[in-house]
Every structure is written in C-alpha cells, then in structure tokens.
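Throughout, read-outs are computed from the coordinates displayed, never taken from laboratory work. This is a predicted model, so every value here is computed, not measured. Cβ coordinates were reconstructed from backbone atoms using ideal geometry, including for glycine residues, and neighbour counts include every protein chain displayed.
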There are 2 protein chains.
Amino acid sequence: MIGELVSQLPGWLWRDSVWLALDRFGILIGDLFLLAAIVGVLRRDRVKAWFRRNQFPRIGGVASVDPSNVAGLLLLVSRLEVPKWLLQELRPQAIALVHTPESRRIADEIATYGAAMGIQCCGDVCVDDPDDPQASHAAVGMLIERLLKQFPREQCAVDTTGGKLPMSLGAFMAAEEAGVPSLYVSADFDARLRRPRPGTARVVRLSSPY
Amino acid sequence: MIGELVSQLPGWLWRDSVWLALDRFGILIGDLFLLAAIVGVLRRDRVKAWFRRNQFPRIGGVASVDPSNVAGLLLLVSRLEVPKWLLQELRPQAIALVHTPESRRIADEIATYGAAMGIQCCGDVCVDDPDDPQASHAAVGMLIERLLKQFPREQCAVDTTGGKLPMSLGAFMAAEEAGVPSLYVSADFDARLRRPRPGTARVVRLSSPY
C-alpha cells in the first residue's frame, strides 16, 4: 500500500539536493523565528501591550442588565435626582456609593432614601480628588468586590453617571476589570431649571464585559 | 556516570507499586484536566470573557505623553477654551475633531485657530447622538487610524475632556483599542462666569496602554 504510493512519487523528490534545499529553508525560517524571539524579549513590554490590548466588543445600545434583575448597584454620587430615579427604576437589593467631600451629604440622603425602600447600603467611599481616576478606580474596585461577595457578577452593575469625568472613567475601568457591566443615565437637561427633565431619563449601556 | 547516579538512588524507587501510584496520580490529574476542558467548552463564553477581561495597568498620574512630543491629537469638542489651551500647551502637528451638531461651529473655530498656528486638521466627524458611546467609539477609532498613518503610536493622544460622558467613554474605549494614551484637561471651574478659571488647567493622564 505505502510501497505503491511511494513508487508513484516523482523521482526528483529523492535527490539529495532537494532535501538539502528543504533543510536550508528550515534553517532560514528557524533563524527568523529566533530573531523575532530576541526582538520580542528586548521589546517585551510592547509585545505584552499588543497581546493585552483592551477590547470592548459590546458598546452602547439598550442596557444589557435586565432592570428587574440588578441586585447590586454601585453609584457615583453628585446629584440626588438621577440616583433616586435609578433606585426606583432598577430596584436593587443593595447599593454602594462613591462620593467626594462635596457630595457626602447627598450620598447620605441617597442611603437614607434607599433604606426607606428596603435597599441595603453595603458601603460608601469618599474620593478626595475628583480629578484623579486612580482614586475612583481603587474605591469602585473595592466596593465592587464587596457587592460580588453577595451577588453573582451578572446581577451587578456600575452607574457612571455622577462625578467628574476622571471619576467616571476610573469607575468604568474598575467595572471592566471586574467583569461588571457599566451604565449611564441619559436625560434631557432643563437649562432653565438646571436639572434633568423628569420623564426623559433612560439607561444607556456603556459596555458589557460578558 | 549515569550508572553511578542510578546506584545512589534509594531502592524503593524501583518498586512496581511506586510506579503504579505515580501512574494513577497521572490518570487522576489527566481526568481533572479533561473535565475542566469539557466545562470550558460548555461555558466557553465565560472562559473567553475571563481571558479577555480588560486591564488598565497605568491609570492616572502625570500625563505620560511628553507634551513636547505629541504630534497627533484627537479632541472631543464642546467648548472652545480647553481645546485652545491644549493646542498651545501640546503644540501638536495635526489634530482631528469629533463634535456634535451643536458644537460643529466650535469645531470649525478650533480648526481655524489651529491652522493659524500651523496645525493641520486631518478630519472631523459629527456624532449625531451624544448619548451613544458606540457612535463616538466608531468616529474616534476612524480618526485615530488616520492619525496613525502619519505619526507613530507614541506620538498620538486622545483628549476626552469635551462632549458628554458617553462620548468621552466611547473615545476612551477607541483609544485603548488602538493602544493610544488618553488625556483629560482638569481646571478649576469658575461658577460665576461659568467657564474654567485661566491658569489652573493641567493635563491628567487617564490611561496609557504602553
């Protein structure tokens, strides 16, 4: 069987020069890989960065968290209206709050408002510098871990609406690292009254890691 | 040499029961890996999500982009002051602008202001819905690609200061995916004049992918 197959192969395949050429081709490719490996070791940070580059396959659209199924909700606090609306809309079982020294009083009000609805507050962290994304990232990361001890990942969410942009981005990064979806509450703004117009609010999905 | 080494090994190592135990240990571990592989195939989305979970190793702190070395700068447009200040501060060679229908006029003013400084505008994209992170993500991604054709990745940056939060987050995600650092301009806000107080602005690093 194999003998038949071999006898049908062309004669030049058995010449030594052919095998020598194939061998040298292998040597060349091997050397190229070796060079690439050396470059890779020398520039390993760039290689790592390329492999690890962040991906956001699910951006925008309708909120992927089922509103009737958000158990643990983390909120960035700056105003009172949006968190109140969100608690009524999502009715979570527990919340965690990140605020600044200026919004501490509002965070307390939200916790009281939640408690009256039967929502447990599992913690609040004060971020001193609202311009430092690292501070907000650390605070949100810590509180997400606390929520994840009580609820599965699929039933948690981070609302990035409040706070200054660096706080929101820090919170977003912590949510992505923990594999928790992030939300944003969009509402038409009443320029005259300087507050969101009631009835226009909706939840926007920012990114869902799963 | 090898014979000497072997003769120094203890006698119990050659008993059949020892090798049988080692073999069975291997069988158990192999079965566990097999089970893990089957679970991994069944829950492959979760396994993929875990492997792909985004990481942000460099958040916050002083802007890592050397201000004297930013060649390509992408800006989200909403006000005029911050982009003007940033152009003076970083003096890029080229800019790209993302704006909304409302801020189109301001984007034109920024392009004119840049042109007077000798800064080329390589494109502007209008995002119709400032609440849609996906739209901003697509616009920023397209413009980053255009900047990367002219300048190396290390000399590009995305300023997320302007626009609404979903726009900034979309821009941030596009920057992370392209491996380009993202910035934020922080300034003390003058509540009375309703504009940033001059002289207090500084560039905050949000995240550097490299």
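Some values worked out for this structure:
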quantity: Relative contact order of chain A, defined on C-alpha pairs under 8 angstrom at six or more residues apart (%); calculated: 21 percent
quantity: Inter-chain Cβ neighbour average for residues B:127-135, partner chain, 10 Å; calculated: 4
quantity: Kyte-Doolittle mean at least 1.6 and Cα axial length at least 15 Å: DSSP H helices in chain A; calculated: A:16-42
quantity: Whole-number D in µm²/s for the stretch A:2-51 (Stokes-Einstein; Kirkwood sum over Cα pairs; 4 °C, 1.567 mPa s); calculated: 92 µm²/s
quantity: Spacing of the two label points (7 Å from each Cα toward its C-beta) at B:Thr112 and A:Asp23, in nm; calculated: 7.5 nm
quantity: Calculated FRET value between B:Cys126 and A:Val47, using beta carbons and R₀ = 30 Å, to 0.05; calculated: 0.20
quantity: Cβ-Cβ FRET estimate between B:Ser7 and A:Leu35, R0 fixed at 56 Å, reported to 0.05; calculated: 0.80
quantity: Among B:126-139, B:165-178, A:117-130, the order from most to least packed when residues are scored by Cβ within 10 Å on average; calculated: B:165-178, B:126-139, A:117-130
quantity: Long-range HN-HN contacts of B:Asp129 with modeled amide H, under 5 Å; calculated: none
quantity: Inter-centroid distance (Cα atoms) of the stretch B:149-164 relative to the stretch A:125-170, Å; calculated: 25 Å
quantity: Average partner coverage of A:159-172, which counts Cβ from other chains inside 10 Å; calculated: 5
quantity: Ranked packing of B:12-20, B:179-187, most packed first, by mean Cβ within 10 Å; calculated: B:179-187, B:12-20
quantity: Percent of alpha-carbon pairs separated by more than 22 Å within the stretch A:67-207; calculated: 30 percent
